[in-house]
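FYI, it's all coordinate maths here, none of it is from the lab. Only a predicted model underlies this, so the values are computations on that prediction, with no experimental measurement involved. Every residue, glycine as well, gets a Cβ built from its backbone with ideal geometry; the counts of neighbours run over all protein chains shown.
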Amino acid sequence: MNRLLLPVIVCAVGLGSALALPRKPGVGEAGIKLDLPNRVDDWIAQEAEVTQKERDALAKDTEFARKSYSNSFGDRIFVSIVLSGFDMNNSIHRPERCLPAQGWNVMSSAKVAVPLADGSRLDTTRLFSGLQAKDEASGKVFTVRNFNYYWFVGSRDITADHTRRTLYDIRDRVLHGQNQRWAYVTVAANVTDNLLRFGGKDEAATQKMVEDFIGRIAPSFQLTPEAK
C-alpha cells in the first residue's frame, strides 16, 4: 500500500510546490553594464546595427549593445549583448537556433574556458559554422567559416550552457521567488585565410585572436564574477 501511495504523495508535493511559487516573480538586477567600450587596446569600435526584424522578434523590453571591432591588420570581431527584460523567454535564444535560420550550418560545438585579464577564467561555448556565399564579380561559390563564442550572464550566475541556465531559473523561482535578468553575450569572427589575399587568419589563429579579445573585453562590462 505504501508503494502505491508513493506516486500520489510525490505528485501532491509537486503540485503544492507549484502552487507555492509566486505567480509573477520579480526580476534581478543585470549582471552586466550595457556599455561596450569604444576601444580595446588596438581594436577600434564601430556601432553595429540591431535590425527591426530582431527587435520585432524579441520582447519589447529587451535591450541591446552591439559593436564591430577592427584593428590595423584588417581583422574584425563582432560583439553583441542581448539583455532580457521581464519576458525572458522571448528575449534569450541560443545561437544553435538562430544561426541555422540565417543560413549558417553549425558544424561543431565545444566548451572553452577563456583566460581573462584579471586572472580568472570564463566558460564559453564555441560554435564553428559555415555559410555558402557567392562572389558577385566572378560568380564563384565559396564557404565563409565563423567562430562564435557565447555565454549567459545573470544577476548571480554565469554559464555557457542553456540547460544549466534554465535550471538556475527553476532554482531561483522556487527558493527566491525571482528570475535572474540574463544577458546573452556573443563574440564572433570569420576565418579569413580564404577571404583575404594577404594577411588572412586560419582557424587556429582566428580562435586565438577571439579568445584573447574576450579575455580583454569581458571584464570591462561583466559585473557578475565567474563562480570558482
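General observations
- Over all other residues within a Cβ to Cβ distance under 12 Å of residue 29, the charged ones net out to +3, with Lys and Arg as +1 and Asp and Glu as -1.
- Overall form of the range 34-105 per C-alpha gyration tensor (a/c, 1.5; a/b vs b/c): oblate
- For the set 111/140; 60/208; 53/208; 60/134; 33/111; 33/134, the pairs lying more than 30 angstrom apart at their alpha carbons are 111/140; 60/208; 53/208; 60/134; 33/134.
- Legend: ranking of residues 118, 157 from fewest to most surrounding C-beta atoms inside 10 Å; resulting order 118, 157.
- Qualifying GluC sites (Glu not before Pro) for the range 25-67 [loop in DSSP, other Cβ within 10 Å: at most 11]: 49
- Sparse-neighbourhood loop sites, chymotrypsin sites (Phe, Trp or Tyr not before Pro) in the range 182-219 - DSSP loop, at most 16 other Cβ within 10 angstrom: 198
- Ordering of 218-225, 67-74, 130-137, 149-156 by burial proxy (mean other Cβ atoms within 10 Å per residue, highest first): 149-156, 218-225, 67-74, 130-137
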